[in-house]
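The values are calculated or read from the model by the stated rules, or taken from the named source; none is laboratory data. Since the model is a prediction, treat every value here as computed from it, not as a measurement. Neighbour counts run over all protein chains shown; Cβ positions are idealised from the backbone, glycine included.
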Amino acid sequence: MFGLVEAEKANYPITVLCRTLGVSPAGFYGWRHAQTHPCPRRVGDAELVERIREIHRTSRRSYGSPRIHDELVLGEGRRVGRKRIERLMRINGIVGIHKRRRGCTRRDPDATPSDDLVKRQFTPEGPDRLWVSDVTEHPTGEGKVYLAVVVDAWSRRVIGWSIADHMRAELVVDALQMATWRRQPPAGQTVHHSDHGSQTGLN
């Protein structure tokens, strides 16, 4: 609201604008003073957020507040509290990768496992020879979401993915179809390897 008053003050009296927008002139003048004379705390927070973003990018967006705090305190010798780091990351939407919870997929006891064509040899000779997949669970403010990914073991690149609010088989099928559509490997060349989860057991 105060920004709108600032933008229109050349066209209308400030008192009229404030009354129309339901804010006080004193509040507007206080806001404008804060814009031109920022307090040292805000300046420090802005500088710290930029450094947090740099560390977060360098970590490939995997670091959460504990590891970023360690980087700042132990690595750079800064005197900054962990709660301050948590607050700034939360306000600016900077989120690390949470540890994967165990037991996301479940093995179907009545199913016959596919043959292990990989035999623990995860170093293929070229691209699209071996694809590996898994499902991870991620908590959100509106409930859990599930991410299925397919990774080319040769390049370690994610080549297919799917996100849904369930762990039904189509979650994994969608990710595999994306990988197949993007890479279009020759028939009979690619081995798709996963764990024994009933959703991912599509070897």
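Observations, loosely collected:
- Unique residue being surrounded by 12 or more Cβ atoms within 10 Å (Cβ to Cβ), modelled with pLDDT under 90 and over 18 Å from Gly141 (Cα atoms) when the list is Arg67, Arg84: Arg67
- Matching entry among Val118, Val132, Val172, Val149 (being modelled with pLDDT of 90 or more, within 18 Å of His193 (Cβ to Cβ) and either in a strand (DSSP E or B) or assigned by TED's automatic domain parsing to the domain that holds Ser194 (or both)): Val149
- Extreme residue, farthest from Asp128 (Cα to Cα), among residues of segment 149-179 that are among the polar types (S, T, N, Q) and surrounded by fewer than 17 Cβ atoms within 10 Å (Cβ to Cβ): Gln177
- With respect to (1) at pLDDT 85 or above; (2) on the phi > 0 side of the Ramachandran plot, the lone exception for Arg60 is condition (1).
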